[in-house]
Amino acid sequence: MRKESLDFLKRLLTTPSPSGYEAANQKIWCDYARQFADEVRTDAYGNAVAILNPAGDPKVMFDGHVDELGLMVKHIDSNGFIYFQRIGGVDVATVRGKRVSIHTADGIVRGVVGNTAIHLQDKDKEAKVPKWHEVFIDIGAKDAEECKQRVAVGDPITFVDDFEMITDHVAVARAFDNRAGAWVAIEALRIVAQGKGKPKCAIYATSSVQEEVGLAGAQMNVGAVQPDCAIAIDVTHATDTPGIDVKQHGEVKMGKGPTMSIGRENHPVIVQKLRKIAKQEKIDYQVETFSLTGGTDAFAFYTKNGGTPSAIVSIPNRYMHSTVEMLDLRDLENTAKLLAAFAVDIKKGERFKVKV
């Protein structure tokens, strides 16, 4: 990977930005985008848009969301222990024993999610997944008064786990979901901007906020941009690890290229064009069916503005919604190359419509 692109990716992945608190990461994204885009702007909630060739036709939007899962201080008890609620789809079974950063008005306060030693657990009781109100954070405070001098109800919380390369191509981070997509959106724009010739279309790379709490930023962006074509770039579940039944969840392998989804929000004309471009560019890709268990930003796009032709292109991700998400960076790069080639191939005035 290009050194500057990798450095940008690392900054995105190591800068905390739980849903509703994305400003620091959006600044990194916008600063990078200004090197290549004709225009960069943000809206009232912090959604970011970078535009290349604004006079082009059609308008093509590449969207990733920049928020990550997190927690929020909900209650401080009399002994100074902190109870919290989740921001997005955090698995309560995975949080105990984790180090956390509490983002306060005066800076970061470190804490740990308490985990009773196995020696002290009641061996006569069957082990069970805790409920949220049974899990707490310890910042070493002696009582509520001391804790409240450092932390307040409403302070957001992120996990400490960071970016790490574990092979030449495979990386681990706490929030590839979905800084990976935000990275791809602007990298695709960069590739086109630094390539030969001018695209016929206008490219709108967007970095959306608050996807993990209801696809909120995507709804704002699709309304503001009014694209003729919108592609959501997200991560998808790599199902090539023990314990996952491919007969139930489909077969997706890390390192075998991006996936293209079929059905529901995935416009057949766009999907067909993406597959043609992938073959043309000799980019390996995988195919999966639309999700029955969740929705990406494309789910927010496709019913807006009277129907926005949309599709999902995804990067295989092991251990999603954990602090050890794993990607092959070659899948990431190939996703950006695919979308850049897709944009360059678009003809002036092209529209995407199902023939009936």
Sole miss for Ala50 among (1) more than 30 Å from Ile346 (Cβ to Cβ); (2) surrounded by 23 or more Cβ atoms within 10 Å (Cβ to Cβ); (3) not assigned by TED's automatic domain parsing to the domain that holds Gln149 is condition (1)
Would you mind telling me which numbered condition in (1) of a type outside the set (Val, Ile, Thr); (2) touching a strand residue (DSSP E or B) at 6+ places or on another chain (Cβ under 8 Å); (3) within 19 Å of Gly20 (Cα to Cα) Phe62 fails?
-> (3)
Residues of segment 81-134 being charged (D, E, K, R) and assigned to a loop (DSSP other than H, G, I, E, B), in sequence order, are Asp91, Arg96, Lys98, Asp106, Asp122, Lys123, Asp124, Lys125, Glu126, Lys128, Lys131
Quick one: in segment 14-38, of everything that is assigned to a loop (DSSP other than H, G, I, E, B) and either β-branched (Val, Ile, Thr) or more than 17 Å from the chain's Cα centre (by Cα) (or both), which residue is surrounded by the fewest Cβ atoms within 10 Å (Cβ to Cβ)?
-> Arg34
What single numbered condition from (1) touching a helix residue (DSSP H, G or I) at 6+ places or on another chain (Cβ under 8 Å); (2) closer than 18 Å to Met220 by Cα fails to hold for Cys30?
-> (1)
Answer yes or no as to whether Gln149 is surrounded by fewer than 24 Cβ atoms within 10 Å (Cβ to Cβ), over 21 Å from the mean Cα position of the chain (by Cα) and touching a residue at least 24 places away in the same chain (Cβ under 8 Å).
-> no
Could you please let me know if Ile283 is more than 17 Å from the chain's Cα centre (by Cα), assigned by TED's automatic domain parsing to the domain that holds Ala188 and surrounded by fewer than 19 Cβ atoms within 10 Å (Cβ to Cβ)?
-> yes
Residues being loosely packed, with under 13 Cβ neighbours inside 10 Å and within 21 Å of Ala23 (Cα to Cα) - total across segment 79-107 | 4
Can you find even one residue in segment 208-230 that is hydroxyl-bearing (Ser, Thr, Tyr), within 19 Å of Glu333 (Cβ to Cβ) and either part of a strand (DSSP E or B) or in contact with an Asp or Glu (Cβ under 9 Å, 6 or more places away or on another chain) (or both)?
-> no
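Here are some residues: Arg11, Arg41. Which one is basic (Lys, Arg), within 26 Å of Pro227 (Cα to Cα) and either in the same structural domain as Val184 (by TED's automatic domain parsing) or in a helix (DSSP H, G or I) (or both)? Lay out the reasoning, then the answer.
Details: Arg11 fails: within 26 Å of Pro227 (Cα to Cα).
Exactly one of Arg11, Arg41 is basic (Lys, Arg), within 26 Å of Pro227 (Cα to Cα) and either in the same structural domain as Val184 (by TED's automatic domain parsing) or in a helix (DSSP H, G or I) (or both), namely Arg41.
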Picked from segment 302-342 (must be over 14 Å from the mean Cα position of the chain (by Cα) and acidic (Asp, Glu)), the residue nearest to Val90 (Cα to Cα) is Asp328
Hey, any hits in segment 251-260 for a residue that's touching a helix residue (DSSP H, G or I) at 6+ places or on another chain (Cβ under 6 Å) and either aliphatic (A, V, I, L, M) or loosely packed, with under 14 Cβ neighbours inside 10 Å (or both)?
-> yes
Picking from Asp63, Asp57, the residue that is acidic (Asp, Glu) and part of a strand (DSSP E or B) would be Asp63
Mind listing whichever residues of segment 144-176 are farther than 30 Å from Ile76 by Cβ and in a helix (DSSP H, G or I)?
-> Phe176
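The values are calculated or read from the model by the stated rules, or taken from the named source; none is laboratory data. Remember, it's a predicted structure, so these values are computed and weren't measured experimentally. Using ideal geometry, Cβ is built from the backbone for each residue, glycine included, and neighbour counts are taken over all protein chains shown.
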